[in-house]
Amino acid sequence: MTLTDRLFRIQLKTYNFNEMKRNITFILIMFSVLQFSCKTKTAEITEPESGLIEITKAQFQSENMEFGELVLASFSDLVHFTGNIIPSVSGQAQISLPVPGVITKIHCNPGQFVSKGGLLFDISGNEFIDMQKDFAESAALIKRLKSDFERATELSNDNIGAKKDLVLAESAYNAENAKFNALVVKLQNIGLDISKIEGGTFYTSYTLKAPMKGYVNRIYATIGQYVQPAETISEIVDIETFQLKISVFEKDINKIESGQKVEFQATGNKKEKFAAKLISVGKSINENTMSIDCLAEIENLKNTRLVNGQFVEGEIVVASDTVLSLPKTAIITSENENYVLVFENETDEIIFLRKTDIKTGRTNNDFIELTDFPGSNKILVKGVYNIQIE
């Protein structure tokens, strides 16, 4: 081997050794940087030795965090229901004719308020005219029959007339008197002056009046329509008698009783809530829905904007108590587990929190019941979700 070859090999070995040294140095540097970065990131959140979560006081203030304590809050056991608004049995009326006839005029409109005795419909027809004629004839006839009966009585008392004639006169008079009195009642119920009819002055029509105050719900008749007494031509509803008809499922029957509080809202309007009190619990089950019907009295009814037949939903408060609880904002849920962040200690710049498991129960609008609560009076109740916890 020549001297030149030996020098080339020595240089090659020297080059390979230096390159390897530089590679090893680069790897060690990168490993140190990564290790330092990981340690720095973890330090911002927890201390591995203590298991505490740490936040800076600057972060506490900028995120508007707050500490709080366990509070006593009211919780209720509720039974859900659906139902609708109905008037009471004395708060609605179906309008029909006392005498068949033809509608000649309609004085009201659907949704219109009418007072008791207010005008609804004008009715005319042959039956109405014939009733007046029968009354006038009966009024004239009864005068003669009464005179015959009185004369027969006098003759009988003087032992002149036959007993049979007295019985016949009395029977005819009593029969006609019954017919006369019946016609008087019918005509007076219609609102007619019977003295005019008795004198031969007949009415061409009569006016049907409202039997109660309220709002005209529906009108089923039209002008010119012939109507029989059995037909309903209108409905009146008194909104001041509105009550709540609710349906409760069979499984909840044993939980409810009269006097319990009720909260409900109209279907589709969750913002406006109303209060009521249960006044009646049904005693039979609807086979189609497997539920029972109950009634509730609506509180402050005059200040509500409910309408007849409106669908509602709500809850019956079957029990209520006061228990220890926390605001919903204080509780973090992760993988079906609930926990809170409890104050542990602090330094000039750092606040240390401990993650503490809890067990929860019922919820209301703002609070959650605690069935197993931490032994601390200082819990983070606001800004919890601003903390990144691993």
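Can you pick out the pairs among 251/283; 328/382; 251/271 whose Cα atoms lie more than 21 Å from each other?
Beyond 21 Å: 251/271.
How large is the direction-averaged shadow of the alpha-carbon convex hull of region 303-390, in nm²?
10.2 nm²
With contacts defined as alpha carbon pairs under 8 Å and 6 or more residues apart, what's the relative contact order of region 196-354 in percent?
Working: 203 pairs, mean separation 27.5, N = 159.
Dividing the mean separation by the residue count of region 196-354 yields 17 percent.
Take every Cα pair under 8 Å in region 265-390 that's 6+ residues apart, average their separations, divide by the length, and report that relative contact order as a whole percent. Walk me through the intermediate numbers first.
On the way: 165 pairs, mean separation 23.8, N = 126.
Across region 265-390, relative contact order equals 19 percent.
For residue 277 and residue 376 in one chain, what is 0.36 nm times their gap in residues minus the Cα-Cα distance, to one decimal in nm?
Result for the pair: 31.6 nm of gain on full extension.
Using a 7 Å offset from the Cα along the Cα-to-Cβ direction at both residue 286 and residue 311, what is the distance between the two label points in nm, to one decimal?
The answer from the label model is 1.2 nm.
Answer rounded, prolate or oblate for region 163-321, using the Cα gyration tensor with square roots of eigenvalues a ≥ b ≥ c: rounded when a/c is under 1.5, else prolate when a/b is larger than b/c, else oblate.
Verdict is prolate for region 163-321.
Any chance you could list P(r) for region 129-239, counting all Cα-Cα pairs in 10 angstrom bins from zero, rounded to whole %?
In whole percents, the pair-distance histogram is 12, 28, 24, 18, 10, 6, 2.
Hey, how many Å between the Cα centroid of region 123-169 and the Cα centroid of region 262-302?
60 Å
Return a whole-number percent for the relative contact order of the chain, with Cα pairs under 8 Å and 6 or more residues apart as the contact set.
Relative contact order comes out at 25 percent.
Identify which of 83, 191, 214 has the largest mean-square fluctuation in a Gaussian network model of the chain, with springs joining Cα atoms closer than 10 Å.
Evaluated over the chain, the most mobile residue of the options is 191.
Label-point separation (nm) for residue 186 and residue 334, each offset 7 Å from Cα along Cα-to-Cβ?
Computed distance between label sites residue 186 and residue 334 equals 8.8 nm.
Please give the per residue accessible area of the chain, computed with a probe of 1.4 Å over protein heavy atoms only, in Å². Please report the intermediate quantities before stating the final value.
Values: 24700 Å² over 390 residues.
Averaged over the residues of the chain, the accessible area is 63 Å².
Please sort through the DSSP H helices of the chain and keep those with an alpha-carbon extent of at least 18 Å along the long axis and a Kyte-Doolittle average not below 0.0.
Counting only whole DSSP H runs, the qualifying helices are 3-43.
Based on C-alpha coordinates, I'd like the Rg and Dmax of region 235-390, in Å.
22.5, 77
Could you tell me the largest-minus-smallest coordinate of the C-alpha atoms of region 333-375 on each of the three principal axes, in descending order and whole angstroms?
39, 22, 17
For the chain, what does -39500 (n - 2.57) per DSSP helix run (n ≥ 4), summed and divided by total residues, give at 222 nm, in deg cm²/dmol to the nearest 500?
Working: 5 runs with 112 residues, N = 390.
Rounded to the nearest 500, the figure is -10000 deg cm²/dmol.
Which order do 218, 151, 305 take when ranked by solvent-accessible area (1.4 Å probe, heavy atoms of all protein chains), largest first?
Result, largest first: 305, 151, 218.
May I ask you to work out the translational diffusion coefficient for the chain at 37 °C, viscosity 0.692 mPa s, via Stokes-Einstein with Rh from the Kirkwood sum over Cα pairs, reported in whole µm²/s?
Using the Kirkwood radius from Cα pairs, D works out to 105 µm²/s.
Using a Förster radius of 56 Å, what is the FRET efficiency between residue 251 and residue 171 based on their Cβ-Cβ separation? Nearest 0.05, please.
0.25
Taking the Cβ-Cβ separation of residue 115 and residue 137 as r and a Förster radius of 41 Å, what is the calculated FRET efficiency to the nearest 0.05?
Step by step, r from the Cβ atoms, then E = 0.65.
Write out the trypsin sites (Lys or Arg not before Pro) in region 263-300 meeting two conditions: DSSP loop, and at most 11 other Cβ atoms within 10 Å of their Cβ.
270, 271, 273, 283
The values are calculated or read from the model by the stated rules, or taken from the named source; none is laboratory data. Predicted model, so just to flag it, every value in this text is computed and none were measured. Cβ atoms come from the backbone with ideal geometry, glycine included; neighbour counts cover every protein chain shown. For the accessible areas, the whole protein counts, side chains as well, though only heavy atoms, and no ligand, DNA or RNA atoms are used. Shrake-Rupley method; radii C 1.70, N 1.55, O 1.52, S 1.80 Å.
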